[in-house]
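Enquirer: Below you will find the structure I want to go over with you.
The values are calculated or read from the model by the stated rules, or taken from the named source; none is laboratory data. Quick caveat, the model's predicted, so the values are computed rather than measured. Reconstructed Cβ throughout: ideal geometry from the backbone, glycine too, with neighbour counts over all protein chains shown.
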Amino acid sequence: MPATYDPVTGTLTPNAPLAEGAHALTYTLTDAAGNKSPQSSPLNISIDTTAPAAPAAPANYNDNVGAVTSPTSTGHDR
């Protein structure tokens, strides 16, 4: 995949977004004279853009901390 190199920050940025799934990223650099570097070792990454499911809100909880406690708390003001 073509990428743009920023010599100030030393970063390579893909010219297009990576698709969902597994990728093995490698790179080579070419100098102004056209000399190409050896290919790097792969960096294995996984792109996952699926949001996790929202957690369920608790229906009740134990209020067992402090001077006043209640074993049947529901989260509602009394």
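Enquirer: Does the stretch 13-52 hold any residues that are under 19 Å from the mean Cα position of the chain (by Cα), under 16 Å from P2 (Cα atoms) and among the hydrophobic types (A, V, I, L, M, F, W, C), and which are they?
Expert: A16, L18, A19, A24, L25, L43
Enquirer: On to the next question. Would you please list the contacts, defined by Cβ atoms under 6 Å and residues six or more apart or on different chains, that run from a residue in the stretch 41-70 that is of a type outside the set (G, A, S) to a residue that is at pLDDT 75 or above and part of a loop (DSSP other than H, G, I, E, B)?
Expert: P42/T26; I47/L18; I47/E20; T49/E20
Enquirer: While we're here: In the stretch 3-20, what count of residues is obtained for those that are touching a residue at least 24 places away in the same chain (Cβ under 8 Å) and closer than 20 Å to S46 by Cβ? Before you say what the answer is, go through the steps one by one.
Expert: From the stretch 3-20, those touching a residue at least 24 places away in the same chain (Cβ under 8 Å) are 3, 5, 18-20; that's our starting set.
Applying the additional criterion that residues be closer than 20 Å to S46 by Cβ yields 3, 18-20.
Number of matching residues: 4.
Enquirer: Listed residues T74, T28; which is modelled with pLDDT under 90, surrounded by fewer than 10 Cβ atoms within 10 Å (Cβ to Cβ) and among the polar types (S, T, N, Q)? So that I can check it myself, show each step before the final result.
Expert: Values: T74 fails: surrounded by fewer than 10 Cβ atoms within 10 Å (Cβ to Cβ).
Matching residue, one of T74, T28: T28.
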